[in-house]
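This report refers to the structure that appears directly beneath it.
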C-alpha cells in the first residue's frame, strides 16, 4: 500500500461532478514518471501538480528521494504509505509549494477549471490491464487492497462514449495506459475514489 487514507477526508461525490465545457491539462503534463516499486505515488501526484502549474520538470530520482526522506521520518523507513497531507506538508517545507499554500478535500471536480486535482483510488485488477487508449478495465473489480494516488488532469467526452470520462496522470511509466495516462468513467470514479484534493496556492 502506498497511500494511507485519512478518514476525515473520505470522498463523498457531489452531483453533478462538474458542469461546464470539457477541460484538459494534458498538454502541460510531463507524463511517463515511473516510481518503480517504491510506493511513492503520493509524492509523484503532488509533484505532477507542480509541474503542470509551474512548467517545471522533476526527475523520477528526485521524487523517489523525496519520498524516501518522508518515509524515513514518518514511518521509520517501513514503506507503510503516506497520507496526502503529510506528503504535501513535507513538499511545502522543501519549497515545492508556497509557505501559505493549503491542501483541502474536494467532493467534485469543480476545481478542475483552475488546476488538476490529486485523487486516491482503491486499486482493482482493472488498473493493470488498460487498453491502448488507456481505459481501465472497469468490469474487473477484483480488489487488491491497495490505494494509488494520481493526478486527475482532464474531464470530458470522447466520440465513442456518451458519458464524460476522466484522465489521470500516473507514476507507473510510459508503458502504462496511454503514454502514462489512464482514463475511466464518472461512475467508476464515484465508486472507486477514496480521497480528492485541490490546492490553494
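I'd like the per residue volume of the convex hull spanned by the Cα atoms of the chain, given in cubic angstrom.
On the way: hull volume 22.8 nm³, N = 201.
It is 113 Å³ per residue.
Taking 0.36 nm per residue of separation and subtracting the Cα-Cα distance, what length does fully extending residue 113 through residue 174 add?
19.4 nm
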Cα centroid distance between region 171-185 and region 1-42, in Å? 12 Å
Roughly how tilted is helix 41-54, in degrees to the nearest 10 and between 0 and 90, from the longest Cα axis of the chain? 80 degrees
Using helices alone, I'd like the mean residue ellipticity at 222 nm for the chain: each DSSP H run of four-plus residues gives -39500 (n - 2.57), total over residue count, nearest 500. -7000 deg cm²/dmol
Using alpha-carbon coordinates, inclination of helix 84-93 to the longest axis of the chain, degrees: 50 degrees
Quick one: length gained pulling residue 78 to residue 101 fully straight, 0.36 nm per residue minus the C-alpha distance? 5.4 nm
As I understand it, the value is the acute angle between the Cα axis of helix 60-75 and the longest principal axis of the Cα atoms of the chain; what does it come to in degrees, rounded to 10? 60 degrees
Three-way shape call for region 88-148 based on the alpha-carbon gyration tensor, with the a/c threshold at 1.5: prolate
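No lab work stands behind these numbers, since they all come straight from the coordinates. Remember, it's a predicted structure, so these values are computed and weren't measured experimentally.
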